[in-house]
Amino acid sequence: MFDIGFWELILIGIMGLVVLGPERLPVAIRTVRNWIGGVRRFSDTVKSELSEELRIHELHANLKKAEQGDMTNLSPELAESLKSLQEAAASVNEPFKKIDTSELDSLITSSLATQSRQSTLPVDDDIKHVTEVDINTPLSEQQPSLEKEHK
């Protein structure tokens, strides 16, 4: 890449040791390594995005050719592009298919009904009076009535 040989690296290492010292040289090497890693990741991302854009452009051009040919007597290249586009469209539409949730809803409702019937209050000798709490009204409205009953 930069055409730096072994002796050039040794010379750079000795100069870095003299300039930075033995305490700061490892930190500087790690920092430079992180910068180089970030630049490589960025360049890989740009390369992959460009190749994807070129592929999309090629597929779009092939689709236009296929439409001009009335989708008949397609060359193998155009047929492959058309198949690829159909698969992509199918994969995009897949998450939006209607899912039948009626069985799941009935299972949840029956489970909640069974659970509410089986729930009981613990029996304790210290409890003298149990007050029912209405789950449909907010707790802030019920709080004063509960305090009055316990006094």
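FYI, it's all coordinate maths here, none of it is from the lab. Small disclaimer: the values here were computed from a predicted structure and weren't measured. Because the Cβ atoms are built from the backbone with ideal geometry, glycine has one as well, and the counts that use them run over all protein chains shown.
Here are some notes:
- Dipole-positive endmost among PRO22, LEU78, GLY38 within segment 6-91 (Cβ charges, Cα centre): PRO22
- Applying 1/(1 + (r/R0)^6) with r as the Cβ-Cβ distance of LYS47 and GLN86 and R0 = 22 angstrom yields a FRET efficiency of 0.20.
- Global size of segment 6-91: 25.3, 73 Å for Rg and Dmax (C-alpha atoms, Rg to one decimal, Dmax whole).
- On a per residue basis, the convex hull of the C-alpha atoms belonging to segment 26-67 measures out at 22 Å³.
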